[in-house]
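Report on one structure; see the data block that follows.
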Amino acid sequence: VQLQASGGGLVQDGGSLRLSCAASGIIWTMGWYRQSPGKQRESVATISKSGGTSYAESVKGRFTISRDNAKNSEYLQMNSLKPEDTAVYYCAATNVLGSWTYWGQGTQVTVSS
């Protein structure tokens with residue numbers, strides 16, 4: 001299974017971006033992770049096959065994760081972006097056993113102040 005992410009870019013403080021990720025095969029839970037320089041990769045949001053979601057505290061109320069099972073795709077709508085959201089964002093997916101096995105190539109999100 002391959003994941004292809006898109007939608008990153010440069011946006012001003014308070015702006016919005018929408019990330020998309022398409023999977024080439026069957027996947028289960030999907031999610032978005034991010035990593036900024038000098039920091040560990042962190043989970044941003046996850047969504048189960050049935051639509052259950054979870055979010056990092058830092059993005060609750062600002063980011064919304066969604067998916068289209070028919071298209072094996074997920075999306076991350078990011079509103080009220082802050083400079084601290086600047087990072088490389090990775091889409092990811094689990095296999096049937098729940099292991100985060102599949103990773104996209106990463107897309108850069110930069111929020112200018």
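The values are calculated or read from the model by the stated rules, or taken from the named source; none is laboratory data. Keep in mind the model is a prediction, meaning the values are calculated, not measured. Here the Cβ positions follow ideal geometry from the backbone for every residue, glycine too, while neighbour counts run over all protein chains shown. Side chains included, ligands, DNA and RNA excluded: accessible areas come from the protein's heavy atoms. Shrake-Rupley method; radii C 1.70, N 1.55, O 1.52, S 1.80 Å.
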**Item:** T64 in a strand (DSSP E or B), open to solvent by 40 Å² or more (accessible area, probe 1.4 Å) and among the polar types (S, T, N, Q)
**Value:** yes
Counting only residues in the stretch 73-87 that are more than 10 Å from the chain's Cα centre (by Cα) and either closer than 14 Å to G31 by Cβ or in contact (Cβ under 8 Å) with a residue 60 or more places away in the chain (or both), the one surrounded by the fewest Cβ atoms within 10 Å (Cβ to Cβ) is identified as P83
Across (1) of a type in the set (F, W, Y); (2) open to solvent by 50 Å² or more (accessible area, probe 1.4 Å); (3) without any contact (Cβ under 8 Å) to a residue 40 or more places away in the chain, W103 clears everything bar (3)
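Could you go through the stretch 40-58 and let me know if any residue there is part of a helix (DSSP H, G or I) and touching a Lys or Arg at 6+ places or on another chain (Cβ under 9 Å).
Filtering the stretch 40-58 for residues part of a helix (DSSP H, G or I) gives none.
Checking the stretch 40-58: not a single residue is part of a helix (DSSP H, G or I) and touching a Lys or Arg at 6+ places or on another chain (Cβ under 9 Å).
Matching residues to (1) closer than 19 Å to V109 by Cα; (2) among the small types (G, A, S):
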position: V1; (1), (2): no, no
position: S20; (1), (2): yes, yes
position: W32; (1), (2): yes, no
position: Q40; (1), (2): yes, no
position: K60; (1), (2): yes, no
position: Q77; (1), (2): yes, no
position: T86; (1), (2): yes, no
